[in-house]
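In what follows, a structure is listed as structure tokens, so that the remarks can point back to it.
The values are calculated or read from the model by the stated rules, or taken from the named source; none is laboratory data. This one's a predicted model, so the numbers in the text were calculated from it and none came from an experiment. Cβ: placed from backbone, ideal geometry, glycine included. Neighbour counts: every protein chain shown.
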Amino acid sequence: MACVGLLAVPGRSAVGPPTPVLVVGGSAAAGWRDTTGPGYVTRGLTQYARRVGITLAIANHAMPGARVVNRLILRDLAGWMRQPTPPKLVVLAWGTLNDLRHHTPAPAMARALHRQIQTALAAHGVVLLVTPPVTRASFEEERQAEAAAVRQELGVAEGFHSPHVYEVNVFSAMKHYLTVHHLTYRRLMAGRWHPNTEGHRLAAAILAHALMQQWGPPAGPPRALVPAPPRPTGRAAALMGGG
């Protein structure tokens with residue numbers, strides 16, 4: 001089910017119309033087990049936007065149980081990109097565990113992700129690939145398989161060599177954070193496949209920090225994500241030599 005939210009993010013006096021954002025992924029991206037918020041992806045995007053003073057209109061179409069190889073995802077993505085106001089930022093936040101559970105071949109996962117990125121780029125969107133937060137499965141039964149799937153996701157995105165494709169490796173950064181701070185992953189988990197609210201918050205903070213490193217000052221967000229300033233009218237236009 002689509003969860004559409006207009007997130008006005010006060011911080012650096014956001015100006016201009018909101019930037020449309022589309023999120024695609026599975027249950028973690030949809031915010032499952034986050035009892036006080038919308039999940040790590042929307043949380044992280046909102047925190048970043050607040051810091052840099054932009055406004056995001058986030059349409060979260062992530063679906064529990066969804067797999068990257070589902071052909072309906074590609075069809076829907078193409079339709080969303082043809083909307084009168086298409087998303088300027090497409091966030092692909094696949095958790096991989098659904099595909100691993102169904103023994104999806106790695107090449108099939110890579111091809112599906114590649115087509116999704118291609119579809120977004122063909123519609124002049126900016127693509128942000130976000131890897132999943134860690135879960136109990138990340139440390140137990142899917143320890144090696146999930147790590148390999150995450151590396152493949154990143155490899156597919158990096159393989160485009162495009163200035164319009166970005167990656168944030170929440171998975172590895174979260175594992176590193178737990179190691180450095182001597183924290184057990186169990187306190188952040190709600191079952192085998194999902195983080196709890198604390199886990200979502202940590203993953204969101206990692207995502208926001210990574211976006212600040214990529215899109216923060218001095219470079220700023222990609223130009224496509226920043227609304228153009230309104231054209232001056234009336235007296236202001238005349239003073240600037242307008243009509």
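Is it the case that region 155-168 has a residue that's touching a residue at least 24 places away in the same chain (Cβ under 8 Å), part of a helix (DSSP H, G or I) and under 25 Å from residue 32 (Cα atoms)? There is no residue in region 155-168 that is touching a residue at least 24 places away in the same chain (Cβ under 8 Å), part of a helix (DSSP H, G or I) and under 25 Å from residue 32 (Cα atoms).
Here are 37, 53: which of them is farther than 26 Å from residue 219 by Cβ and at pLDDT below 95?
One residue alone meets the criteria, 37.
Is it true that residue 120 is within 14 Å of the chain's Cα centre (by Cα) and of a type outside the set (Phe, Trp, Tyr)?
Numbers: within 14 Å of the chain's Cα centre (by Cα): yes; of a type outside the set (Phe, Trp, Tyr): yes.
It is true that residue 120 is within 14 Å of the chain's Cα centre (by Cα) and of a type outside the set (Phe, Trp, Tyr).
Could you check, for region 135-144, whether at least one of its residues is buried (at least 19 other Cβ atoms within 10 Å of the Cβ) and in a helix (DSSP H, G or I)? Yes, region 135-144 contains at least one residue that is buried (at least 19 other Cβ atoms within 10 Å of the Cβ) and in a helix (DSSP H, G or I). Within region 35-78, being among the basic types (Lys, Arg) and over 13 Å from the mean Cα position of the chain (by Cα) holds for 50, 51, 67, 71, 75. Filtering region 99-108 to residues that are more than 19 Å from residue 30 (Cβ to Cβ) and in a helix (DSSP H, G or I) leaves 106, 107, 108.
If a residue must be touching a Ser or Thr at 6+ places or on another chain (Cβ under 7 Å) and basic (Lys, Arg), how many such residues does region 171-207 contain?
So in region 171-207, the residues touching a Ser or Thr at 6+ places or on another chain (Cβ under 7 Å) come out as 171, 189, 192-195, 197.
Filter once more, keeping what is basic (Lys, Arg): 192.
Adding up the residues that qualify gives 1.
Restricting attention to region 155-193, the residues being surrounded by 12 or more Cβ atoms within 10 Å (Cβ to Cβ), of a type outside the set (A, V, I, L, M, F, W, C) and within 19 Å of the chain's Cα centre (by Cα) number 10.
Can residue 114 be described as surrounded by fewer than 20 Cβ atoms within 10 Å (Cβ to Cβ) and part of a loop (DSSP other than H, G, I, E, B)? Show your work before the answer.
Numbers: surrounded by fewer than 20 Cβ atoms within 10 Å (Cβ to Cβ): yes; part of a loop (DSSP other than H, G, I, E, B): no.
Criteria not met by residue 114.
Is it fair to say residue 125 is of a type in the set (Gly, Ala, Ser), touching a strand residue (DSSP E or B) at 6+ places or on another chain (Cβ under 9 Å) and over 30 Å from residue 196 (Cβ atoms)? Considered against the rule, which asks whether it is of a type in the set (Gly, Ala, Ser), touching a strand residue (DSSP E or B) at 6+ places or on another chain (Cβ under 9 Å) and over 30 Å from residue 196 (Cβ atoms), residue 125 comes out as yes.
Would you confirm whether or not region 228-243 contains a residue that is among the hydroxyl-bearing types (Ser, Thr, Tyr) and either closer than 19 Å to residue 125 by Cβ or modelled with pLDDT of 70 or more (or both)? Can you show your working first?
Filtering region 228-243 down to residues among the hydroxyl-bearing types (Ser, Thr, Tyr) leaves 233.
Cutting the leftovers down to either closer than 19 Å to residue 125 by Cβ or modelled with pLDDT of 70 or more (or both) gives us none.
No, region 228-243 has no match at all.
Please find, within region 200-218, the residue that is modelled with the lowest pLDDT out of those that are over 21 Å from residue 26 (Cβ atoms) and of a type in the set (A, V, I, L, M, F, W, C). It comes out as 215. You will find that of 137, 112, 149, 120, the residue that is modelled with pLDDT of 95 or more, in contact with a Leu (Cβ under 8 Å, 6 or more places away or on another chain), of a type in the set (Gly, Ala, Ser) and closer than 26 Å to residue 196 by Cβ is 149 and no other.
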